[in-house]
Every structure is written in C-alpha cells, then in structure tokens.
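Each remark here refers to the structure printed beneath this line.
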Amino acid sequence: MASMIFIDPSSAAAVHRLPFTRFSNGLISLRRLVGPLHVCSPTPTLPRTLSLRSPRSSRFVTASMATEPSAKVIDGKAVAKQIREEISAEVSKLKEAIGVVPGLAVILVGDRKDSATYVRNKKKACESVGINSFEVHLPDDSSEEEVLKFISDFNGDPSVHGILVQLPLPSHMNEQNILNAVTIEKDVDGFHPLNIGRLAMRGREPLFVPCTPKGCIELLHRYGVDIKGKRAVVIGRSNIVGMPAALLLQREDATVTIVHSRTKNPEEITRQADIIISAVGQPNMVRGSWIKPGAVIIDVGINPVEDASSPRGYRLVGDVCYDEACKIAAAVTPVPGGVGPMTIAMLLSNTLSSAKRAYNIK
C-alpha cells in the first residue's frame, strides 16, 4: 500500500466541518472510488469469535461461522433515539424535582451552510428532549473579542449548562484561545485541555468526554461488545476523535494501537485488531484485507464520493469499505446512520450531566 494517502485531522475544525466543504460550486471534486454499496443482511449469522447483544435487551446472540455477508449492523440511529428518550425522561424529572431545565448555548460565526446545518440539527435535538437552546449567530467579520465576550456571558449564566462554539471558525480567529475560554464546567464538547488531561490520567475523571469518541464507546457498550483485554486499533490521531477514542479504549482495559499517517504496515497492524475505530476521512481506505475475521468496526468517517445515480450527484461512505467489511467483520456501523447520530446524542447527555452536576444531583 505504498501509494496510500492518509488525511490525519489534527484539529477540531477537521471533525466539525461537513464533508461538503470538499466541493466547489456545488460540485463533487472527488473521483468515484467504488460501486453502489451493498446492505448487510438484517438477520445475520455472526462469526464465532464474538457475542453481541441487542441494545434494547440483555439477550446475547450466539456466534457461528458464515461465508456470505453476515456482519451485524450497529444501528447508531436506533441507539441515539433510545438515548434521547432516556434523556427526555431525566430532563422531565429534573424539571419536576427542582424546576431546572438544562440549557445549551451554541455560538456560530459566519455563514457556512454546513455549520448552519449542524447548529440547526443541534437545536432540533435539544427541543426533542426538552433542553433549552440558546443561539448566537455572528457575521464572518466579527472580532475574536466579540466571540470571547459571548463566551464570558454564557460562562456566568446559570441557565446555561453547556457551551459549544461551532467549528471551523473564520481564519482570522485563534481557535485555541476561543475554545480555552469556555469554562471547564460547561465544556460539553470535551475540548478543554483540562478535560483531555484528566481523560489521559489514571485515577482522574474528566468532567466531559468529547462527543464522537464517547458515542463510539457507547455503541460498543450497548451492543454488548467486550472491550477488556481485546486488541483495539484506532486509525487517526486527531485531538477530538482518534486520541480520546484511544484513551477511552485504554480505560476499558483494551490493548490499544494508534495507526496514523506515519505508521508503517498499517494494513498488517489493523488486521490484528478485535476492535477497529477509524477516523481519518479517507473513503473506503480500510479494505476487507485489513480486517480480522470477527472484528467489530466503528466507522467515524463521512466522505462524499461521486454517484451519478444519486439525485445529489454524490453519496456518503465511510473510511471502511462497507460491503467488504460485511463479509468479514462480526459487526460494523453503517455510514450514514452509525456514529453520526450518536455525536449529537452524547452532546445532549453531556449537557444533562452538566445541569445535574451544577445542583449536586446524581
């Protein structure tokens, strides 16, 4: 694989930017890499190497060998819906008990359509569970000081329990300064250095964990995937997905390897993994030959590829070649409908936790 190219997102902007930013004038600039995706069997027979359970029950599925596409689909959309229902019930209890409604503030700078879509989706998600949402929309030419002033106001507002600065920010702003201005007690995105530092240290607990990696681990838990003692490979080392995902797996007593843009023999290393989390932004990079039979795959990638048969002219695929993975893995997340819905669900969960912590409610 000497010609393989990694994109290793190392900043928050890389994750929060929709893949549509790769387009110019509404067109797709990437070449079409694979043919239409195949959907895995909805009632699969699982490889012998793993037991999984439905996220809605404690019943385990017994594994057996199969040669046809047989991976269990890890349905992030369904799990996220279940989590939102749980959050909605807790929000109602909190309001009835002490009259407090969790609040999430979002600051959006500029007129990027992808960022506006993210903010709109977060607002809808808040409304669906009863969380108050506060939105500030500033023009692209706003000063850094204006953004910092709004962050300061939200830091001091007791009705706001979480603050999120939508990324990417305009190029004239110092992203690190702005993210660091959010008080750690309201850092529901989990980006504050103190939260990351606590995550990295044994015996310390972060107030918040970054939402996307937290969602990855939650999917593994809800599908009954045993992490302890397993070999895990994280592909990508970004500050807000790859690195914290590796730290979370380590906290679960997995033996963790990070594969990145300078790794030699990434295919060989990845093939040893019982659990793979891929977050590099390269469509269909992880082929079937990279996958150990019976492995569990969490695909964070959301990548557009040209598709003339689609009304939009493109379709979304993950970092993992889905149709090949379905024939080898025990379980795999689809794209879309896998990790994506979990990210917003974890944001709501972090906001609820922040409100409960503010009033010393367990």
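The values are calculated or read from the model by the stated rules, or taken from the named source; none is laboratory data. Note that this is a predicted model, so its numbers are computed, not measured. Neighbour counts are summed over all protein chains in view; Cβ atoms, including those assigned to glycine, are modelled from backbone coordinates with ideal geometry. Accessible surface is based on the protein model in full, side chains and every heavy atom, while ligands, DNA and RNA are left aside. Shrake-Rupley method; radii C 1.70, N 1.55, O 1.52, S 1.80 Å.
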- Count - residues of segment 109-124 that are out of contact with any Asp or Glu (no Cβ under 8 Å at 6 or more places or on another chain) and either open to solvent by less than 10 Å² (accessible area, probe 1.4 Å) or of a type in the set (D, E, K, R) (or both): 7
- Note on the structure: Matching residues in segment 214-233 (in contact (Cβ under 8 Å) with a residue 40 or more places away in the chain and under 21 Å from residue 347 (Cα atoms)) number 8
- Residues located in segment 323-362, provided they are touching a Phe, Trp or Tyr at 6+ places or on another chain (Cβ under 7 Å) and not hydrophobic (A, V, I, L, M, F, W, C): 334, 350
- Task: Restrict the check to segment 158-172 and report whether at least one residue is more than 27 Å from residue 360 (Cβ to Cβ), loosely packed, with under 13 Cβ neighbours inside 10 Å and not aromatic (Phe, Trp, Tyr).
- Result: yes
- Query: Any idea which of (1) in a loop (DSSP other than H, G, I, E, B); (2) within 21 Å of the chain's Cα centre (by Cα); (3) of a type in the set (Ser, Thr, Tyr) is the one residue 159 doesn't satisfy?
  - Reply: (2)
- Message: Being closer than 19 Å to residue 225 by Cβ and at pLDDT 95 or above narrows it down to one residue among 269, 298; which is it?
- Response: 298
- Every pair of residues 6+ apart whose Cβ atoms lie under 7 Å, when the first sits in segment 92-104 and is basic (Lys, Arg) while the second is open to solvent by 20 Å² or more (accessible area, probe 1.4 Å): 95/101
- Which ones in segment 176-192 are closer than 20 Å to residue 242 by Cβ and open to solvent by 70 Å² or more (accessible area, probe 1.4 Å)? 176
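Residues are listed down the side, and each one gets a yes or a no for (1) in contact with a helix residue (DSSP H, G or I) (Cβ under 6 Å, 6 or more places away or on another chain); (2) over 30 Å from residue 109 (Cβ atoms); (3) modelled with pLDDT of 95 or more:
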{"position": "188", "(1), (2), (3)": "yes, no, yes"}
{"position": "226", "(1), (2), (3)": "no, yes, yes"}
{"position": "231", "(1), (2), (3)": "no, yes, yes"}
{"position": "242", "(1), (2), (3)": "no, no, yes"}
{"position": "254", "(1), (2), (3)": "no, yes, yes"}
{"position": "263", "(1), (2), (3)": "no, yes, yes"}
- Task: Sort out which residues of segment 304-339 are among the small types (Gly, Ala, Ser), modelled with pLDDT of 95 or more and surrounded by fewer than 22 Cβ atoms within 10 Å (Cβ to Cβ), and write them in order of number.
- Result: 337
- Note on the structure: For segment 279-298, pairs from a residue that is more than 10 Å from residue 320 (Cα to Cα) and hydrophobic (A, V, I, L, M, F, W, C) to a residue that is surrounded by 20 or more Cβ atoms within 10 Å (Cβ to Cβ) and modelled with pLDDT under 95, with Cβ under 7 Å and 6 or more apart or across chains, are 296/50
- Query: Name the residues in segment 250-297 that are part of a strand (DSSP E or B), more than 18 Å from residue 239 (Cβ to Cβ) and within 17 Å of the chain's Cα centre (by Cα), would you?
  - Reply: 275, 276, 296, 297
- Single residue of 168, 139 found to be closer than 20 Å to residue 347 by Cα and either in contact (Cβ under 8 Å) with a residue 40 or more places away in the chain or not basic (Lys, Arg) (or both): 168
- Tell me which residues, restricted to segment 171-208, are under 21 Å from residue 122 (Cβ atoms) and touching a residue at least 40 places away in the same chain (Cβ under 8 Å). 173, 175, 179, 185, 186, 188, 189, 190, 191, 207, 208
- Per the filter on segment 248-281, residues out of contact with any Lys or Arg (no Cβ under 6 Å at 6 or more places or on another chain) and surrounded by fewer than 20 Cβ atoms within 10 Å (Cβ to Cβ) are 250, 251, 252, 257, 261, 262, 263, 264, 265, 267, 268, 269
- Message: Out of everything in segment 174-227 that is out of contact with any Lys or Arg (no Cβ under 8 Å at 6 or more places or on another chain), of a type in the set (Lys, Arg) and outside any loop (DSSP other than H, G, I, E, B), what residue ends up being nearest to residue 156 (Cα to Cα)?
- Response: 186
- Could you grab me the full set of residues in segment 54-108 that are at pLDDT below 95 and open to solvent by less than 70 Å² (accessible area, probe 1.4 Å)? 54, 55, 57, 61, 63, 64, 66, 69, 70, 71
